1. With an 8 Å Cα cut-off and a minimum separation of 6 or more residues, compute the relative contact order for the chain in percent.
2. For region 148-260, state the average projected area of the convex hull of the C-alpha atoms over all orientations, rounded to one decimal in nm².
3. Please list the non-local residues whose amide H lies under 5 Å from the amide H of Tyr162, H modeled 1.01 Å from N, same-chain partners needing a gap of 5 or more.
4. Going by a ≥ b ≥ c, the root eigenvalues of the Cα gyration tensor, does region 223-267 fall in the rounded group (a/c under 1.5), the prolate group (a/b larger than b/c) or the oblate group?
5. Find, to one decimal place in angstroms, the Kirkwood hydrodynamic radius of the chain, where the mean of 1/r is taken over every pair of different Cα atoms and then inverted.
6. Counting helices only, and only those DSSP H runs with n ≥ 4, report the 222 nm mean residue ellipticity of the chain as the sum of -39,500 (n - 2.57) divided by its residues, in deg cm²/dmol to the nearest 500.
7. Amide H to amide H under 5 Å from Leu44: which residues, 5+ apart in sequence or cross-chain, H placed 1.01 Å off N in plane?
8. If r is the Cβ-Cβ distance from Leu288 to Lys160 and R0 is 22 Å, what FRET efficiency results, to the nearest 0.05?
Amino acid sequence: MAMEDPSQVKRALIDSSAGAISGGISRTVTSPLDVIKIRFQVQLEPTSTWALLRRDLVMPSKYTGMFQASRDIFREEGVPGFWRGNVPALLMVMPYTAIQFTVLHKFKTLASGSSNTDDHVGLSPYLSYVSGALAGCAATLGSYPFDLIRTILASQGEPKVYPNMRSAFIDIIQTRGFQGLYAGLSPTLVEIVPYAGLQFGTYDTFKRWAMAWNHFRYSNTIAADSLSSFQLFICGLAAGTCAKLVCHPLDVVKKRFQIEGLQRHPRYGARVEHRAYRNMFDCMQRILQFEGWAGLYKGILPSTIKAAPAGAVTFVAYELTSDWLETLF
């Protein structure tokens, strides 16, 4: 057993490093879509012109479509507005992805009896889903406060309520206490189990399908067992899209809890009052009551557009970085 410890430490370092790098790259590339998605999710008024025609609203909606939102953010906040909150996002996503991939590899190693990544492809879809879900929960608990601060900074608009991450952190501690840093954790954990499970489970399933296609197409066994960067990109894209479409309503609920009591300029519409929701179910019920089913899917378009490249970039960057790090150690 003592002979195996160095290799396990090496594997953990590779997984965590590759996960952190891939997560940082993915988050930075897709930040503009994430900012637009958050603005939609925290807006209590309808986010489409079609919905506006069906409702008698006293106050008009600030954002009514992706292009209109992009135009307004650019005009009012400039290019940096699309990367608002990116620092806490990186501080969140890098440990999140590092923990996620490390725990994921550990569970897969326990399930398969081998630390060799190639041996994990043969795992059953059930074990892939469970491993992905448990890895997602562990990663969420370790990085959640950064996620909350990122949401607050990205949603505040102009003029800024908090000029930087430090001021937001101090105010949350003073007004909500330490537990305020974990506002919205319950729907997040409920969301992350199916989301991470679907993302990693479907990713492994798509990889198996791609390998089966390669076996069918090529007679050369070596070529058949290796996937190209493009194939990994497509597998990650499909996995991220499937997971996001299923879990988006819980993400909306999480965002509402995260921005409770946030002061914003009146032009951004009604704000979510402090302690507006008793619990996750009360929040969903109120959204359905006042905003309809469309309320639970606010931001679904930029979220889906973002999830596809984000998942693809994350997985491709992870695979390539992991292979590169293995050549160094």
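The values are calculated or read from the model by the stated rules, or taken from the named source; none is laboratory data. Only a predicted model underlies this, so the values are computations on that prediction, with no experimental measurement involved. FYI the Cβ positions are ideal-geometry reconstructions off the backbone, even for glycines, and counts take in every protein chain you see. Each accessible area value is taken on the protein alone, full model and side chains, heavy atoms only, with ligands, DNA and RNA left out. Shrake-Rupley method; radii C 1.70, N 1.55, O 1.52, S 1.80 Å.
1. In percent, rounded to a whole number, it is 28.
2. 9.4
3. Sorted by chain and number, the residues that satisfy this come to none at all.
4. Here region 223-267 falls in the prolate category.
5. So the Kirkwood estimate lands at 20.8 Å.
6. Here the helix-only value at 222 nm equals -24500 deg cm²/dmol.
7. Ala270
8. So, using R0 = 22 Å, E works out to roughly 0.10.
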